[in-house]
Amino acid sequence: MKKWVGKVRMLGLFSLMAIFLTACGKENLTALAPKGYSAERSFEVIIISILVMTIVFVVVMAIFTYVLIKYRRKKGQEDYVPEQIEGNKTLEIVWTIIPILLLVIIAVPTIATTYDLADESQKDDSINVNVTGKQFWWNFDYVNEGIQTSQDLYIPVDTRVYLNMISGDVIHSFWVPTLAGKMDVNPENENVMYIEAYEEGVYWGKCAEFCGDSHSLMDFKIVVVSQEEYDQWIENMGTPMEEEPATASAQEGKALFEQSCLSCHATDGATTAPAIGPNLTNFGNRTMIAGVLEHNKEELVEWIVDPASKKPGNGMLNAPYLQEGISTEDAEKIADYLLELKSTEVVPEFEPFEDQ
Amino acid sequence: MSTLAASNKRSFWSVVWDYITTVDHKKIGVLYLIAGGFFFLLGGLEALAIRWQLVKPMNDFVSAGFYNELITMHGTTMIFLAAMPLIFAFMNAVIPLQIGARDVAFPFLNSLGLWLFVFGGIMLNVGWFTGGAADAGWTAYTPLSTISPGEGMDYYVIGLQISGAGTLMAGINFLVTIINMRAPGMTYMRLPLFTWTSFVASALILFAFPALTVGLFLMMFDRMFDSAFFDPAMGGNSIIWQHLFWIFGHPEVYILILPIFGVFSEVVSTFSRKRLFGYSAMVFATVLIAFLGFMVWAHHMFTVGMGAAANAIFAVATMTIAVPTGIKIFNWLFTMWRGSIQITTPMLYALGFIPTFTIGGMTGVMLAAATADYQYHDSYFVIAHFHYVIIGGTVFGLLAATHYWWPRMFNRMLDERLGKITFWIFFVGFHLTFMIQHFLGLWGMPRRYWVYLPDQGLDLGNAISTAGAFLMAIAVLILLYNIIKTAIKGEPCGDDPWDGRTLEWAVPIPAPHYNFKQVPLVRGLDPLWVEKMDGRKEMTPSEPLDDIHMPNNTVLPFVMTIGFFIAGFGFIYQKYDNALNALIFVGMGIALGAMLVRSLKDDLGYHIPKKELEKEARK
């Protein structure tokens with residue numbers, strides 16, 4: 001399969017088109033500048049099909065334009081009756097056979113890549129992550145490492161990682177356009193896909209299957225780090241934080257957290273217990289809050305006090321502390337505590353909103 | 001005997017009564033046009049609200065819940081309550097005339113189908129006033145749809161069930177009509193293409209709608225009677241819904257587009273003044289598309305996790321549909337080739353359709369490539385694709401049909417200048433709205449997103465798209481103005497205003513309610529054209545003048561529908577209070593009672609005596 005890939009790449013059109021298509025779109029979000037194995041395979045099929053289809057379009061438009069200019073009724077032709085042509089066998093055979101051939105050009109790489117992307121032969125020797133989609137967040141369990149995290153999935157660069165995906169409620173879909181096409185996350189059967197990233201960095205992930213009120217806010221990130229950083233991250237995540245919070249506010253926050261939040265949110269990364277709410281281990285190093293808010297104290301306090309305004313219909317709305325109400329002061333203390341939860345030195349460089 | 005002229009002399013309520021009880025296919029066509037047009041405007045308003053919400057990042061024009069209701073109802077309304085009924089409008093108005101029949105095979109059923117659609121449509125929209133309309137997407141994927149709170153999804157289930165029954169009846173009716181009611185000499189291979197494609201679309205309805213009916217029944221039991229067909233926790237399976245929905249849903253796409261291929265075939269042929277190029281290939285391609293249309297439903301489900309083998313098979317099966325579709329495009333081009341092309345408003349829509357639909361077809365093949373679809377799926381690329389085929393195909397076709405058959409239906413020509421202005425604004429607005437959405441999808445914008453974050457490279461594209469949507473709205477307003485202006489000021493257009501080729505133009509305008517005094521003899525494809533070329537102005541009759549047997553008007557279909565409508569509320573609300581089961585019994589009682597009356601009371605119709613027909617002829 002590599003051979004035809006090489007040939008396709010040689011086409012000058014390929015690179016021209018790639019430049020044209022990537023003129024817009026955000027880096028590490030767009031599907032048009034792939035930086036992972038699966039996204040690259042998809043991109044090749046996209047380009048091949050666009051090229052073939054462009055040929056068809058040009059032919060149709062050429063005939064269309066010619067016919068329209070040449071045979072438009074002109075003055076003095078009001079009574080002209082053209083010859084009533086029934087058809088033409090040769091022409092009809094031509095425009096049946098040629099499209100079939102063009103389709104074969106698309107079908108062959110389609111079938112090849114379909115099987116390639118469904119390959120599970122290396123699954124047992126690879127990193128396996130159990131992915132659980134829930135309204136409206138993502139839980140990640142590293143199967144062999146016994147580590148649990150949420151929202152930010154850390155993987156090593158240039159390594160195949162298998163994702164075993166299942167939903168905790170309705171159907172979701174796991175999509176990181178720059179790294180891989182999407183795969184649905186169903187409530188009944190586990191779906192398996194693999195991702196492999198070529199470059200370190202933070203990649204935007206989106207839920208792509210309509211899942212309720214905050215479907216559009218169910219973002220997650222894939223953090224691609226070097227193998228050494230990954231190993232260190234795994235080790236740090238598995239080690240419980242020993243020291244007490246530094247400030248008095250954070251200490252009070254910890255007490256409040258343990259009283260009101262801990263029943264759903266674990267802060268222990270080395271767990272295999274099912275997560276009710278997102279596991280908040282290493283929360284201080286998160287790329288974003290709740291997947292979509294900037295990672296700062298102000299946003300976090302607003303989120304704790306009024307999560308409905310940030311993510312309508314999310315599970316936290318049922319939390320007992322919200323029924324009783326929470327003061328801004330208490331929320332600030334909890335925020336101080338959470339922002340101090342830093343288990344590791346492996347910190348992604350990430351600026352979600354560069355324009356602001 | 002014009003309906004318009006006659007209505008001037010009668011009171012408003014007698015006209016209303018006449019239309020409620022009518023079994024005349026021409027009047028039923030008008031009612032489909034009015035109701036479908038109304039829902040088209042409603043769906044359009046919903047679309048504008050959606051686009052306005054997305055005009056800028058993190059907009060707060062509507063809430064998340066309301067937005068989800070808007071997208072669900074926009075899709076449901078446009079597919080089930082606008083596009084299909086508008087197609088039925090023209091099928092009713094034209095097909096009996098095109099095949100030389102005096103009415104459809106089952107006029108009673110025709111009326112029942114219409115009213116079921118109308119009240120099903122109303123039912124779907126009742127949710128807006130009872131705390132929230134349906135909000136799980138028009139595809140209503142389980143388990144999101146089965147756990148959706150409130151009654152919105154209940155109205156979706158019952159509303160679609162009622163209007164779906166109407167659609168099924170209409171489909172059966174047209175199948176029987178086209179098989180049994182053709183005039184002497186109107187062989188299958190002389191059928192006008194609009195009749196052929198409608199015939200095939202009716203067959204698709206017959207086989208596709210039962211899948212939807214079954215799916216809706218299962219969902220109804222899950223929502224209203226605590227069953228668990230789609231609940232994995234109770235041993236059900238949520239993916240089954242997707243299969244049932246798309247086994248219906250994919251043929252549905254061809255139900256929407258095939259009759260429109262017929263419209264364009266008529267329009268291109270008429271305004272090129274040339275018979276359709278490759279008629280038999282066109283018929284063959286239509287049947288082939290319909291057949292393949294049932295083999296490809298799972299291409300909507302490439303990301304569900306069906307495995308490589310299923311994905312590969314459905315990918316290749318889907319690509320093959322491009323071949324018969326391509327045959328059609330080339331046949332239209334070669335119908336114009338060496339013709340005498342006159343650019344009227346309907347022809348303008350046909351000309352706009354060809355490049356637009358070709359793009360829709362191209363992206364269709366691109367979507368068929370499963371691995372590429374992993375990126376396109378459920379993104380704005382898909383939104384762009386299906387609007388290119390459904391607006392670029394179906395809506396352009398409906399607008400062409402509106403301008404083309406308006407004189408046939410209402411004895412007035414729509415203003416050509418305004419018509420062309422409408423076309424250009426609509427055409428530009430359409431491409432502005434949807435071309436950019438292909439890119440938005442690939443830049444990472446999933447569909448059904450209520451908001452998108454700032455600084456994701458999506459702002460400009462969405463703003464452009466919204467601007468285009470408002471251009472389309474302006475075009476629709478101009479069309480409405482054109483219709484109103486024509487109704488008030490228009491002159492009667494007289495017979496055969498377009499120099500037509502097919503039988504519907506052989507009937508005088510306005511048409512007598514029995515259509516043909518004597519059923520015509522068909523002597524070839526494009527029967528009217530054949531006679532014209534032989535120097536005749538009228539069709540040769542195939543029978544001597546005799547009494548004409550016509551069906552009586554009846555209010556029973558309307559009563560039956562009211563019964564089902566009432567029972568529908570009973571099904572929805574019985575879960576709150578057992579006493580409300582009474583509504584089910586009352587409603588079903590009314591409906592079954594009306595059926596009993598229909599079965600026991602002989603209604604043999606009436607005869608128009610020969611003498612009266614002769615008298616009319618002398619006038």
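Largest accessible area first, the residues B:S198, A:S327 order themselves as A:S327, B:S198 under a 1.4 Å probe with ligands, DNA and RNA left out. Counting Cβ atoms of other protein chains within 10 Å of each Cβ in A:253-260 and taking the mean gives 0.
Taking each residue of B:329-335 in turn, how many C-beta atoms of other protein chains fall within 10 Å of its C-beta, and what is the average?
6
The phi-based Karplus calculation (6.51 cos²θ - 1.76 cosθ + 1.60; θ = phi - 60°) puts the 3J(HN,Hα) values of the stretch A:269-286 at x, 8, 9, 10, 5, x, 8, 7, x, x, 5, 9, 3, 6, 4, x, 9, 4 Hz, whole numbers, x for Gly and Pro. When A:C211, B:C493, A:C264 are compared by accessible area at a 1.4 angstrom probe, the order from most to least is A:C264, B:C493, A:C211.
Close amide H pairs (under 5 Å, H built 1.01 Å from N) link A:V192 with A:M165, residues at least 5 positions away or on another chain.
Entry note, chain B: the mean residue ellipticity at 222 nm calculated from DSSP H runs of n ≥ 4, each adding -39500 (n - 2.57), is -22000 deg cm²/dmol after division by the residues and rounding to the nearest 500. Helix B:193-224 and the longest principal axis of the Cα set of chain B meet at an angle near 40°. Distances between placed amide hydrogens fall under 5 Å for A:G181 paired with A:A39, all partners being 5 or more residues away or on another chain. Rounded to the nearest 20 debye, the dipole size of chain B about its Cα centre is 1720 debye, using +1 on the Cβ of Lys and Arg and -1 on the Cβ of Asp and Glu. Per-residue accessible area (protein heavy atoms, 1.4 Å probe) orders B:S280, A:S38 as B:S280, A:S38, starting from the largest. Binning the alpha carbon pair distances of the stretch B:513-602 at 10 angstrom intervals from zero yields the distribution 15, 23, 16, 14, 16, 12, 4, 0, expressed in whole percent.
Please give the residues of the stretch B:134-177, grouped as numeric ranges, whose backbone N is less than 14 Å from a label point set 7 Å along the Cα-to-Cβ vector of B:V62. Within reach of a label on B:V62, which here means backbone N under 14 Å from a point 7 Å along Cα→Cβ, the stretch B:134-177 contributes B:134-138. Buried surface between chains B and A: roughly 7900 Å² of accessible area, summed over both sides, computed with a 1.4 Å probe on protein heavy atoms only.
Dividing the convex hull volume of the alpha carbon atoms of the stretch A:248-339 by its residue count gives 98 Å³ per residue.
Residues whose amide H lies under 5 Å from that of A:I171, counting only those 5 or more places away or on a different chain, are B:L144; hydrogens are built 1.01 Å from N in the peptide plane.
Ligands, DNA and RNA aside, A:E209 has an accessible area near 10 Å² when probed at 1.4 Å. Applying 1/(1 + (r/R0)^6) with r as the Cβ-Cβ distance of A:A246 and A:D268 and R0 = 30 angstrom yields a FRET efficiency of 0.90. Along each principal axis, taking the top coordinate minus the bottom one, the Cα set of chain B gives 73, 63, 48 Å in descending order. Across the stretch B:74-90, coupling constants 3J(HN,Hα) worked out from phi with the 6.51/-1.76/1.60 Karplus curve, θ = phi - 60°, read 4, x, 4, 4, 5, 6, 8, 10, 10, 4, 5, x, 5, 5, 4, 4, 6 Hz, and Gly and Pro carry x. Label sites at A:I97 and A:N144, each approximated as a point 7 angstrom past Cα along Cα to Cβ, lie 5.5 nm apart. Taken over the C-alpha atoms, the stretch A:125-230 has Rg and Dmax values of 12.8, 40 angstrom. In chain B, the longest principal axis of the Cα atoms and the axis of helix B:25-53 are about 30 degrees apart. Rg ratio for the protein assembly as shown: its Cα radius of gyration over 2.2 N^0.38 Å, N being its residue count, equals 1.02.
Between the helical axis of B:416-442 and the longest alpha-carbon principal axis of chain B there is an angle of about 20 degrees.
The values are calculated or read from the model by the stated rules, or taken from the named source; none is laboratory data. Since we're looking at a predicted model, the values are computed, not measured. So basically every Cβ, Gly included, is an ideal-geometry build from the backbone, and we count neighbours across all protein chains shown. Protein only, heavy atoms only, side chains kept; ligands, DNA and RNA dropped before computing areas. Shrake-Rupley method; radii C 1.70, N 1.55, O 1.52, S 1.80 Å.
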